[in-house]
Each structure stands twice: as C-alpha cells, then as structure tokens.
C-alpha cells in the first residue's frame with residue numbers, strides 16, 4: 001500500500017511539474033510532446049529555482065496530507081459500510097421475524113373468525129330450536 005501511495009504521489013508530482021512547466025513556457029506553445037525550452041532555464045537565477053523547489057516541496061507535502069486524508073476517509077467509510085451492512089442484516093432478521101409473527105397472528109385470527117362464525121351458527125340454530133319449542137308449547 002505504501003508503494004502504491006508513493007507511486008501515486010510520484011504521478012501527481014509529475015503531473016503538477018508538467019503543468020508548472022507549461023505555465024512557465026513563455027513561447028506560448030502547449031504541445032505535450034514538446035520538450036521545455038532550456039534556453040529559458042539559463043535566464044532563471046538560483047533564487048527562482050529555490051522558490052520552484054520550495055513550491056514543489058510544499059506541493060509534495062500537500063499531496064501527502066491529501067493522500068493521508070483520503071486513507072482516513074476510506075477507513076471511515078469502510079467502517080460505516082460495515083456498520084450499515086450489520087444494521088441491514090439485523091433489519092432483515094427482524095423483517096423475517098415479523099413475517100413469521102404476522103403469519104402466526106393471521107392463522108390465529110382466522111381461527112377466531114371461524115370460531116365466531118361457529119358461535120353465530122350455533123346461536124342461530126339454538127334460536128330456531130327455541131322458537132320451535134315455544135310453538136310446540138303453545139300448541140299443547
């Protein structure tokens with residue numbers, strides 16, 4: 001992982017160095033394949049090279065900090081993803097338990113409805129028998 005980070009850092013440094021060289025190109029040519037004009041380099045004094053080196057060093061440090069931040073964010077996101085996966089698993093388990101409970105309650109409710117229907121049928125039959133008994137009593 002460290003070598004990948006170093007390689008990425010080198011790529012970024014090359015990219016920024018290349019764009020820095022393009023910005024300092026006073027000829028105004030922007031071709032990626034053209035070599036920098038070394039005659040311009042002769043005109044630069046040592047202090048400009050030091051400033052450029054300092055800027056590159058600062059850029060490298062900034063890139064290292066950014067890469068470190070990215071790694072921290074990646075770790076944080078991985079941790080959160082793990083937590084979300086765990087929570088999703090728990091929710092699935094709860095959903096399955098609720099489905100089972102619902103199925104059981106539905107069966108119980110169906111049994112209760114059938115019992116109530118049986119009681120109404122029994123009551124109706126009893127009332128019919130009671131009416132018939134009252135008619136027979138009146139006839140006697």
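The values are calculated or read from the model by the stated rules, or taken from the named source; none is laboratory data. This one's a predicted model, so the numbers in the text were calculated from it and none came from an experiment. Please note: Cβ atoms are built from the backbone with ideal geometry, for glycine as well, and neighbour counts cover all protein chains shown.
When residue 25 is evaluated against the numbered criteria (1) surrounded by 10 or more Cβ atoms within 10 Å (Cβ to Cβ); (2) in a helix (DSSP H, G or I); (3) modelled with pLDDT under 90; (4) out of contact with any helix residue (DSSP H, G or I) (no Cβ under 7 Å at 6 or more places or on another chain), which criterion, by number, is the only one it fails?
Unmet condition: (2).
Before we move on, is residue 81 under 23 Å from the mean Cα position of the chain (by Cα) and in a helix (DSSP H, G or I)?
When the stated conditions are applied, residue 81 passes them.
Look through 110, 94 and report the one residue that is surrounded by 10 or more Cβ atoms within 10 Å (Cβ to Cβ), modelled with pLDDT of 95 or more and either within 31 Å of the chain's Cα centre (by Cα) or not in a helix (DSSP H, G or I) (or both).
Working: 110 fails: either within 31 Å of the chain's Cα centre (by Cα) or not in a helix (DSSP H, G or I) (or both).
Checking each option against the conditions leaves just 94.
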